[in-house]
Amino acid sequence: MTCTPAPILITGAGQRVGLHCAQRLLDEQQPVIFSYRSERPGVQALRERGAVGVFADFSCEAGILAFISELKTHTDSLRAIIHNASTWAAETPGDEASAFIDMFSVHMLAPYLINLHCADLLRRSTPADIVHISDDVTRKGSRQHIAYCATKAGLDSLTLSFAAQYAPRIKVNGIAPAMVMFNEGDDAAYRAKVLAKSALGIEPGPEVIYQSVRYLLDNPYVTGTTLTVNGGRHVK
């Protein structure tokens, strides 16, 4: 009798990198549960492939806890949690606190509460992993996007703290990507400017993030580490 593997939870998997990672896991016959905040073509595509979608509003504690409660109605174990959900809010003069709170809730509070309240699900799987998707910008800071950078840096700190707390049963790691895929509306001048920031000078696409996720899931001797996936920006 074949046992069905415990599902992997991916937050914010309705588009772009999260969608690609979810699809690649499904290609490998890995059950997937994903969170989404709005209906998109990617959400429906994942449902059609058998993934379980759970609505989530990570902008406040109540929404995060409601998501956790709903998640636990779908599974009693998890192979891994991939915290991919992310947001960006403009730090408008006079409204900076609102932007900071929004990004803090998505980038830090949601992973913090989900990790705490879902550790029991992870401990029913061997092996078990948590992966935080951070951002390469935390390496040097940002003059223009201070709140975004600070909350992503907080996520890096959660990687270290949860790795210490959950060892040896649960490995906890992070991935810090720079730009891996452009938006459709990005013009040629912008693309050239961004590509010039890295030593490799390419738009690699989302597969490089899946490869990094796969490495972290498969390697039994890595925890408390954040992988830099930035095309060599730090040596440019």
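The values are calculated or read from the model by the stated rules, or taken from the named source; none is laboratory data. Computed from a predicted model, the values in this text were never measured in an experiment. Every residue, glycine as well, gets a Cβ built from its backbone with ideal geometry; the counts of neighbours run over all protein chains shown.
Consider G53 carefully, then state whether it is modelled with pLDDT of 95 or more, touching a Gly at 6+ places or on another chain (Cβ under 9 Å), part of a strand (DSSP E or B) and not hydrophobic (A, V, I, L, M, F, W, C).
Taking the combined requirement at face value, the residue satisfies it.
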Sort out which residues of the stretch 207-225 are closer than 13 Å to K171 by Cβ and crowded, with 17+ Cβ neighbours inside 10 Å, and write them in order of number. V213, L216, L217, T223
Output for the stretch 104-121, where each listed residue is touching a strand residue (DSSP E or B) at 6+ places or on another chain (Cβ under 7 Å) and hydrophobic (A, V, I, L, M, F, W, C): I114, C118
Across the stretch 58-90, the tally of residues that are over 21 Å from D120 (Cα atoms), in contact (Cβ under 8 Å) with a residue 60 or more places away in the chain and either of a type in the set (S, T, Y) or touching a Leu at 6+ places or on another chain (Cβ under 7 Å) (or both) stands at 1
Residues within the stretch 215-236 that are outside any strand (DSSP E or B), at negative phi and either of a type outside the set (D, E, K, R) or without any contact (Cβ under 8 Å) to a residue 60 or more places away in the chain (or both), tallied: 14
Using the structure shown, decide if D102 is acidic (D, E) and part of a helix (DSSP H, G or I). yes
What are the pairs, 6+ residues apart or on separate chains, where a residue within the stretch 6-20 that is touching a residue at least 24 places away in the same chain (Cβ under 8 Å) and farther than 15 Å from A128 by Cβ has its Cβ under 6 Å from a residue that is part of a loop (DSSP other than H, G, I, E, B) and charged (D, E, K, R)? G14/R40; Q15/R40
Is it fair to say I114 is buried (at least 22 other Cβ atoms within 10 Å of the Cβ), outside any helix (DSSP H, G or I) and of a type in the set (A, V, I, L, M)? no
Does the stretch 147-162 include one or more residues that are among the charged types (D, E, K, R), under 19 Å from T226 (Cα atoms) and in contact (Cβ under 8 Å) with a residue 24 or more places away in the chain? yes
Out of the residues in the stretch 91-111 that are of a type in the set (V, I, T) and free of Cβ contacts under 8 Å to residues at least 24 places away in the same chain, which is surrounded by the fewest Cβ atoms within 10 Å (Cβ to Cβ)? T92
When you scan the stretch 161-168, do you find a residue that is touching a strand residue (DSSP E or B) at 6+ places or on another chain (Cβ under 7 Å) and surrounded by 23 or more Cβ atoms within 10 Å (Cβ to Cβ), even just one? yes
Kindly indicate whether A147 is among the small types (G, A, S), in contact with a strand residue (DSSP E or B) (Cβ under 7 Å, 6 or more places away or on another chain), modelled with pLDDT of 95 or more and at negative phi. no
When you check S125 against the structure, is it out of contact with any Cys (no Cβ under 9 Å at 6 or more places or on another chain), hydroxyl-bearing (S, T, Y) and either buried (at least 20 other Cβ atoms within 10 Å of the Cβ) or outside any helix (DSSP H, G or I) (or both), yes or no? yes
H132: touching a Leu at 6+ places or on another chain (Cβ under 6 Å) and not small (G, A, S), yes or no? yes
